[in-house]
Amino acid sequence: MLCMDRVLRWLFPPQCAACGAVGEGLCGRCAPAAGVISFATPTLRGTALARYEGAWRRAILALKGGRRDVAESLGLRLGRLATRDAVLVPVPTTTARRRSRGFDGATLLAEHASARSGARLLAALEQVAGDAQRGRDRRARLAATGRFRSRYAALGGQQVVLVDDVCTTGSTLEDCAAALRSAGAIVRAALVVARADRA
Ligand SMILES: [Zn+2]
């Protein structure tokens, strides 16, 4: 996957999703490295690189639209927040969206974060049903549970950090944490690119 990225990088040099400057998927001028944002969901400590607005929002929309260069730029930034001893587990997208996009956004973020930090990447989760989030109102999103399952029966004692692009209500992260905990993992933290205000 990362080898494929190098080929694509040569063919299509990275370009800032916000200003178009060539160099990286989100440039330091548009999104200077600033302090991180801490947040909490019922059972997790979350860390976000930024709020879901401005250049960060444009970068995430570009990632959702299939921009690998943006995934690299954001994933490397996330990697600065991960420790070597962490196990990074991406929040999976639906098969349909992955097919239309050509890749799974959070998985690619986690791959680059892993390469940057030395933390292990484990694609331990899969979605059970169809796309339960998009287009739903907040109450319906919160009601949707049991959407994820662990691909491994026994994750006994593994310290897991969830990785995703955006966190809004935290319900997706909580669903993922529950699925991993049912397989024995210890899930206490989440790393996301951006924290969105609740709708
Ligand atoms: Zn820029």
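The values are calculated or read from the model by the stated rules, or taken from the named source; none is laboratory data. Computed from a prediction, not measured in an experiment: that's the story for all the values here. As a convention, Cβ positions derive from the backbone with ideal geometry for all residues, glycine included, and neighbour counts pool all protein chains shown. Side chains included, ligands, DNA and RNA excluded: accessible areas come from the protein's heavy atoms. Shrake-Rupley method; radii C 1.70, N 1.55, O 1.52, S 1.80 Å.
Remarks
- Residue match in the range 40-51 (condition: within 16 Å of the ligand (Cβ to nearest atom), in a loop (DSSP other than H, G, I, E, B), in contact (Cβ under 8 Å) with a residue 24 or more places away in the chain and hydrophobic (A, V, I, L, M, F, W, C)): no
- Any chance Ala62 is surrounded by 13 or more Cβ atoms within 10 Å (Cβ to Cβ) and within 16 Å of the ligand (Cβ to nearest atom): yes
- Among the residues making up the range 180-199, those that are part of a helix (DSSP H, G or I) and open to solvent by 10 Å² or more (accessible area, probe 1.4 Å) are Arg181, Ser182.
- Residue match in the range 4-12 (condition: within 14 Å of Val166 (Cβ to Cβ), of a type in the set (D, E, K, R) and either away from the ligand (no atom under 16 Å from the Cβ) or open to solvent by 10 Å² or more (accessible area, probe 1.4 Å) (or both)): no
- Test: Arg67 is in contact (Cβ under 8 Å) with a residue 60 or more places away in the chain, open to solvent by 60 Å² or more (accessible area, probe 1.4 Å) and within 15 Å of the ligand (Cβ to nearest atom): no
- Unmet requirement for Glu111, which otherwise passes all of (1) at positive phi; (2) away from the ligand (no atom under 16 Å from the Cβ): (1)
- Screening the candidates Glu24, Glu72 for the property of being in contact with a strand residue (DSSP E or B) (Cβ under 9 Å, 6 or more places away or on another chain), touching a residue at least 12 places away in the same chain (Cβ under 8 Å) and either within 16 Å of the ligand (Cβ to nearest atom) or among the β-branched types (Val, Ile, Thr) (or both) yields one hit, Glu24.
- Applying the condition of being touching a strand residue (DSSP E or B) at 6+ places or on another chain (Cβ under 8 Å) and free of Cβ contacts under 8 Å to residues at least 24 places away in the same chain to the range 27-39 and asking which residue is nearest to the ligand (Cβ to nearest atom) yields Ala34.
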